[in-house]
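All of the numbers you see were taken from the coordinates with simple rules; none came from a lab. This is a predicted model, so every value here is computed, not measured. Please note: Cβ atoms are built from the backbone with ideal geometry, for glycine as well, and neighbour counts cover all protein chains shown.
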Amino acid sequence: MAKTQTAFFCQNCGAQSSKWIGRCNSCGEWNTYVEEVIHRDNKHDAWQKISSLLPKPRPITEISSEVQDRLNTNNQEFNRVLGGGLVPGSVILVGGEPGIGKSTLMLQIALNLPLKVLYISGEESQEQILMRAKRLGIHNPNCYLYNETTVQNIARYLGEMEPQLVVVDSIQTLTTESIDSTAGSISQVRECAAQLQKFAKQTHTPVVLIGHITKDGMLAGPKILEHMVDTVLQFEGDRHYGYRILRAMKNRFGSTAELGIYEMTNSGLREVSNPSEILLSQREEEMSGISIAANIEGMRPMLIEIQALVSSAVYGTPQRSTTGFDPRRLNMLLAVLEKRMGFHLGAKDVFLNITGGIRVDDPAIDMAVIASVLSSVEDIPINHKTCFAGEVGLSGEIRTVNKIDQRIAEAQKLGFEKIYISKYNLKGIDTARSDIEIIPVARVNELHRFLFKLR
Ligand code: TYD
Ligand code: MG
């Protein structure tokens with residue numbers, strides 16, 4: 001009888017070792033190695049039959065002439081994030097926190113496709129999925145549900161059914177008979193993903209894998225999973241708000257700068273094609289501490305509202321709390337205000353919120369953050385028809401940002417009357433021709449003076 005083969009795997013990064021070690025050599029985590037059986041039996045290889053379809057080397061000119069078109073998913077935001085639709089044979093990993101809406105998103109896409117889709121679920125029963133489908137209000141006889149977690153059984157039906165899209169909810173529930181460890185373990189996840197990837201490449205069927213996320217926001221399972229798939233999408237948002245953002249973290253077939261925006265409603269996810277409208281809160285009276293940034297997220301300009309509250313610290317250590325904004329970046333901006341303008345913010349609590357609970361990466365938001373903090377400190381509201389686009393440097397200078405004309409155009413389209421930009425961004429902009437007043441600023445103290453007409 002063959003001896004059972006085992007190996008040790010780091011549960012954090014997926015590194016393999018022949019013996020147990022206390023500290024992982026590759027990621028540095030302590031006590032993460034777990035023994036798993038890796039005995040592989042070829043009679044369980046799910047794709048033996050399909051292997052006869054194995055492709056042969058061909059001249060590149062022949063291949064390019066038969067490139068298949070991307071599959072339109074009928075979901076414009078999803079298409080956009082993928083780079084224009086599903087590429088045949090690609091494997092897409094969709095990650096996100098529990099309850100964020102991964103299953104809802106994928107079921108909705110599966111139901112909206114006029115193609116044969118196989119939705120494999122190891123997490124919910126067919127009745128539960130049906131309930132969700134009813135809630136979404138879409139009927140589609142081409143969408144097949146399948147409760148199965150063994151890759152070998154799945155392979156049998158995939159061969160019979162020949163679906164045009166496969167959704168697996170979730171990769172952590174699958175197991176393969178060739179490995180003895182439990183579902184969700186590093187070696188199972190890796191092996192199941194490898195087999196599904198083989199299927200995708202050989203049959204040109206796109207496969208979407210739903211993946212869990214760990215407490216610290218990493219995709220659960222081996223890092224190698226992210227290397228294996230073609231596209232990694234992250235579904236995120238604050239659960240207390242309805243807005244959800246789909247970002248591409250990796251994309252072999254498109255840009256990772258794109259993002260899709262959805263709103264979770266009572267009947268599924270609504271695509272948000274004009275994000276500025278939802279990110280600006282409707283308010284009647286002007287309040288201090290609020291400013292609006294003309295941002296570009298992905299390829300899309302959007303206006304985002306920022307709220308700051310600066311108050312005297314009650315406890316010894318002042319609090320710095322942010323939602324949707326990097327707290328270290330806020331500390332840096334506060335240090336600039338302290339050092340360059342003499343504001344004593346060291347003894348103040350500072351709270352900063354981005355409306356809608358979305359996370360923002362664009363550095364052009366800096367000037368609006370500074371403006372809202374200043375507005376809260378001075379307790380003077382900023383006119384709500386004013387917006388900002390500029391990065392702030394360590395010496396208090398307002399730096400240039402990219403795609404300034406797109407930002408100005410979006411602000412103008414939404415009826416803003418003034419936009420503050422970096423003085424160095426003025427080149428090439430015809431200020432006289434635009435309906436919106438463009439105010440160039442060079443430094444933060446200049447911004448302060450312009451905004452509050454002080455000194
Ligand atoms: P779900 O899609 O199951 O999330 P995941 O697969 O990422 O764990 O969860 C969706 C959440 O959204 C759940 O709390 C219920 C809610 N929801 C709606 O608000 N509207 C809907 O139409 C649906 C289907 C779900
Ligand atoms: Mg789910």
State, as an integer percentage, the relative contact order of segment 380-419 based on alpha-carbon contacts under 8 Å between residues 6 or more apart. 49 percent
Here the cysteines of the chain lacking a cysteine partner under 4.7 Å (Cβ to Cβ) are 143, 192, 387
3J(HN,Hα) from dihedral phi, segment 323-340, Karplus parametrisation 6.51/-1.76/1.60, rounded to Hz, x for glycine, proline: 10, x, 9, 5, x, 5, 5, 4, 4, 5, 5, 5, 5, 4, 4, 5, 7, 8
Centroid-to-centroid separation of segment 333-360 and segment 251-321 [C-alpha atoms, Å]: 17 Å
Quote the FRET efficiency, to the nearest 0.05, computed for residue 257 versus residue 224 with a Förster distance R0 of 25 Å and r equal to the Cβ-Cβ distance. 0.50
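Set the bar at 22 Å for Cα to Cα. Now go through 116/198; 403/423; 56/250 and name every pair that lies beyond it.
Among 116/198; 403/423; 56/250, the Cα-Cα distance tops 22 Å for 56/250.
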Please list the radius of gyration and Dmax for the chain, considering alpha-carbon atoms only, with Å as the unit. 26.0, 89
Report the local net charge at residue 322: Lys and Arg +1, Asp and Glu -1, summed over other residues whose C-beta lies under 11 Å from its C-beta. +3
Rounded, prolate or oblate: which fits segment 70-273, taking a ≥ b ≥ c as square roots of the Cα gyration tensor eigenvalues, rounded meaning a/c under 1.5, else prolate when a/b beats b/c? rounded
Write down the percent of antiparallel bridges among all DSSP beta bridges whose residues are both part of segment 278-452, to the nearest 5. 55 percent
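Find the relative contact order for segment 278-452 and round it to a whole percent, using C-alpha pairs within less than 8 Å whose residues are 6+ positions apart.
25 percent.
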Name the residues whose placed amide hydrogens come within less than 5 Å of the amide hydrogen of residue 170, ignoring near sequence neighbours (fewer than 5 apart) on the same chain. 122, 123
Estimated vicinal HN-Hα couplings, Hz - segment 420-425 in sequence order (Karplus 6.51, -1.76, 1.60; Gly, Pro = x): 8, 10, 6, 4, 7, 8
State, as an integer percentage, the relative contact order of segment 70-273 based on alpha-carbon contacts under 8 Å between residues 6 or more apart. 30 percent
In the neighbourhood of residue 424 defined by beta carbon distances under 11 Å, the net charge of the other residues (Lys, Arg +1; Asp, Glu -1) is +1
Enumerate the amide H contacts of residue 322 below 5 Å, restricted to partners 5 or more residues apart or on another chain; note that Pro and chain-start residues carry no placed amide H. 352
Burial ranking of peptide ranges 352-360, 139-147 (average Cβ count within 10 Å, highest at the top): 352-360, 139-147
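Nearest-5 percent of antiparallel DSSP beta bridges in the chain?
55 percent
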Give the long-range amide H neighbours of residue 175: residues separated by 5 or more places, or on another chain, with amide H under 5 Å away, using H modelled in the peptide plane at 1.01 Å from N. 150, 151
Rounded, prolate or oblate (a/c below 1.5 giving rounded, otherwise prolate when a/b exceeds b/c) for segment 80-124 by Cα gyration tensor: oblate
With Rh as the Kirkwood radius over Cα pairs, segment 278-452 has Rg/Rh of 0.95
